[in-house]
1. Show the residues, 5+ positions off or on another chain, whose built amide H is closer than 5 Å to the amide H of residue 137.
2. Only helical DSSP H runs with n ≥ 4 go in: add -39500 (n - 2.57) per run for the chain, normalise by residue count and round the 222 nm mean residue ellipticity to 500 deg cm²/dmol.
3. Roughly what angle does helix 185-197 make with the longest principal axis of the chain, taking Cα atoms, 0 to 90 degrees, to the nearest 10?
4. Multiply the residue separation of residue 57 and residue 44 by 0.36 nm, subtract the distance between their alpha-carbon atoms, and state the gained length in nm to one decimal.
5. So how much slack lies between residue 193 and residue 117, counting 0.36 nm per residue of separation and subtracting their Cα-Cα distance, in nm?
6. Anyone know which of 193, 218, 151 comes out most mobile in the 10 Å Cα GNM of the chain?
7. So what's the angle, to the nearest 10 degrees on a 0 to 90 scale, between helix 3-16 and the longest Cα principal axis of the chain?
8. Working out 0.36 nm times the residue gap between residue 157 and residue 222, then minus their Cα-Cα distance, what length gain in nm do you get to one decimal?
Amino acid sequence: MLTEERRKLIMELLKSHEIVKSQELMKLLDSSESTIRRDLQEMEAEGLLKRIHGGAKRIVKLDYEPDMLEKSSKNVHEKQLIAEYATSFIHDGDFVYLDAGTSTYEMIPFLKQKDINVITNSVYHATALTDLKIPTMIIGGNIKLTTKAVVSAFSLQQLQLFRFDKAFMGINGIHPKHGLTTPDSEEATMKAVALGQAEQVYILADDSKFNKVSFSKVAALDEATIITNQLSKDIRQHFESLTTIKEVIK
C-alpha cells in the first residue's frame, strides 16, 4: 500500500475513533511496525495527529466563528427539523429565551400560534418575532457585528434579572470531554447565565457540531437536553453514555 493511502486511512480512522493503536493499524493496513511508526512520526511532525504510547490520538482543532449569513446556508433541512421538534416542548403561557443563532432562528415560524412571551439577545430574532406579532423583549447592549447578537456586561446584568420556563440555544461544539463550547468568551458567558436562569434548557445542534471544540466552554453536556438530527453510528458511540440527547429521525 502506498504511503498516501495509508495516511488517508489513518486519518479516516482518527475521525471516527479518537485514538488508534499501532497494533490495530499494522493489521488493518497490512504494514510492519517500523512502517506504521514512521508514518505516525511524520504525520505528527505535520501536525496531523499526536503520538501516544502504543498509537496515536486525534488533534482537536478549535473551530472559528462564521458570520450569520455563512451559518444560515449550512444544513438548513436538518436545522428546520430540529427547530420544529424543539417547539413541541413549548406550551402556552411559557416565558421562552431564544439565544442568537441560526438553529434557534428556524424555530420562529413554528411559534406563530403559541401564546408565549419571548426574550432574545438577537436583533435578527427580535425582528422576525415582532413581524409575527409575538410578544418579544430584546436584551440591550452592544451588538456583535458578525452574528447580530447582543453581548456585553450590560446584557449580562439584564439577563440575570429574568427567569425562563425554557431556554433554547445554539452551540458551536459538542465534545464528550470538553462539553459545550463556543468561540466567543462573552457569548459563552451569556449562554451560561441564560442556562442558569431557565427551568429547562435545550441545545439545538445538527450533527456537524459533534466532536467539535471551540475556545470557550459554556457547560457540561449533561446540563442541557441536546436536540439534533439522526447521528451516525460513529458519532453516537462517542456519546452513548449521555442520556440527554434527543435525535429527530425523519
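1. Counting only residues 5 or more places away or on other chains, the set is 118, 119, 120.
2. -10000 deg cm²/dmol
3. The helix 185-197 is inclined about 60 degrees to the chain.
4. Full extension from residue 57 to residue 44 adds 3.7 nm.
5. Stretched fully, the residue 193-residue 117 segment lengthens by 25.5 nm.
6. With Cα springs under 10 Å in the chain, the top fluctuation among 193, 218, 151 is at 193.
7. Compared with the principal axis, the helix lies near 40 degrees.
8. 20.8 nm
No value in this document is a laboratory result; all are computed from the given coordinates. This one's a predicted model, so the numbers in the text were calculated from it and none came from an experiment. A quick note on method: Cβ atoms are made from the backbone with ideal geometry, for glycine too, and the neighbour counts reach across all protein chains shown.
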